Amino acid sequence: MKHITIYFYSKVLIALVLMIFVSCSKKERTNNQLSGKLDITVGVSVATSDIYNNLKAADLNEFMVIIYNLQDEIVEQYDRVADIPDLVELPGGDYYIVSHSNNNLPAEFDNPYYSGSSEIFTIVAGETTSVTITCTLANVMVTVIYSQNVIQDFSDYSTAVSNTAGSLVFGSDELRAGFFNAGPLHIESNLYFTDGQGNIQSKNLSGDIGSAEPGKHYEIHIDASLTSGTAIINLNVDETYDTEIITISDEEAEMSGELLITEIMYNPLALSDTDGEYFELKNVSEETINLMDLVIRRGSNNNIHVISDDLPLFPGEIVLLGRSSTAASEVDYVYSNIALLNSGDEIYINTYGTNGTDGSVICMVDYGDPDFNTSLNGISIQLDPSISDVNNARLGTNWCESTSAYSTGDLGSPGLENASCQ
């Protein structure tokens, strides 16, 4: 099935022009500095091909104008352009002007924030000086578009975009643009559908923009399909015509290798197998991955367990999956229906696919391979921490026995970074 991607490019320029005409009188102020008078004219020019009409026109009357000296001290301040007098009197000297709209919020719909500053200029008695300030979009513009696949296959869907100070939810019928302070943004998309038993299920996608830049438009495309198992977030960065893509997909070509199995306790000694078995997963990608709806599969009998909790895993983070909560004090999630054979077995992490057994493989380890040690009692096997790709992580030559004790008294490092294999 083809992915439907709509590309939207716009060029946004908000120009705030302040023409300052200075005429100096002959009189001296009490501090013996010659003064000049500023005639301030404010104009706004907007040129955009914003075909979705998300960028609202700036309200000139709401712009603040502040005049600073070179010591960064405020000389004059006007909260609204309408408050500026016909003539502003200033002592001779060097200045610069800052102007911005009065709506700088961390996260808000329909809230473009504009800001700009002038070059340093000099007021000289007897001369006229003109100063131009160009105010541009100073916060981050975000829109979310859902593909036709999402619209057809899912009964409801929404995407939350958030920074450290605020969050906006783009629902199925949300056409407005959201505006955020510059900096990191996190994306969480939830897609809901009804399974064959009439139960409401969900697909969850997540991604991050490491450092969203002011003045740019980030257009997030959500594409997912129940029939193909595809789930993608595409992020198009507008304004510079560069495109940055964040992709989270159920397809093996996109997801394989983003997670690694890094430790397996298949034969605990301090506890029974039912209570003490565990294995680790590590996120070796640069994006946050939510494990919810991913599948743990044992290869020898195709037993599966679908992860049911919201379980985001940040880049470089380790999650400990245990057969019981007592397997180790560090257990993050308890699975069922999976028993690890002491003689060796295949452990898979899959996407769900159509029935939980036919999804794409993200990572797998066959610890029954001859290069693995399957004669251990109360000792886990661990992947050398220098290994970060999925193919080398499958090789028994890159695994070794754990040597340190953990909470039960068995040897392993559950939930922690592994020691180097010698």
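Modelled spin labels at Glu89 and Gln77, positioned 7 Å past Cα toward Cβ, are 2.2 nm from each other. Among Thr374, Thr194, the order by Cβ neighbours within 10 angstrom, fewest to most, reads Thr194, Thr374. Can you work out the FRET efficiency for the pair Asn337 and Asn61, with r the C-beta to C-beta distance and R0 = 60 Å, to the nearest 0.05? E between Asn337 and Asn61, to the nearest 0.05, is 0.40. Extension gain, Ala270-Asp309: 0.36 nm per intervening residue step, less the Cα-Cα distance, totals 11.2 nm.
Every read-out reported here was derived from the displayed coordinates using simple, explicitly stated rules and does not represent laboratory data. Worth saying up front: this structure is predicted, and the values here are computed from it rather than measured. Because the Cβ atoms are built from the backbone with ideal geometry, glycine has one as well, and the counts that use them run over all protein chains shown.
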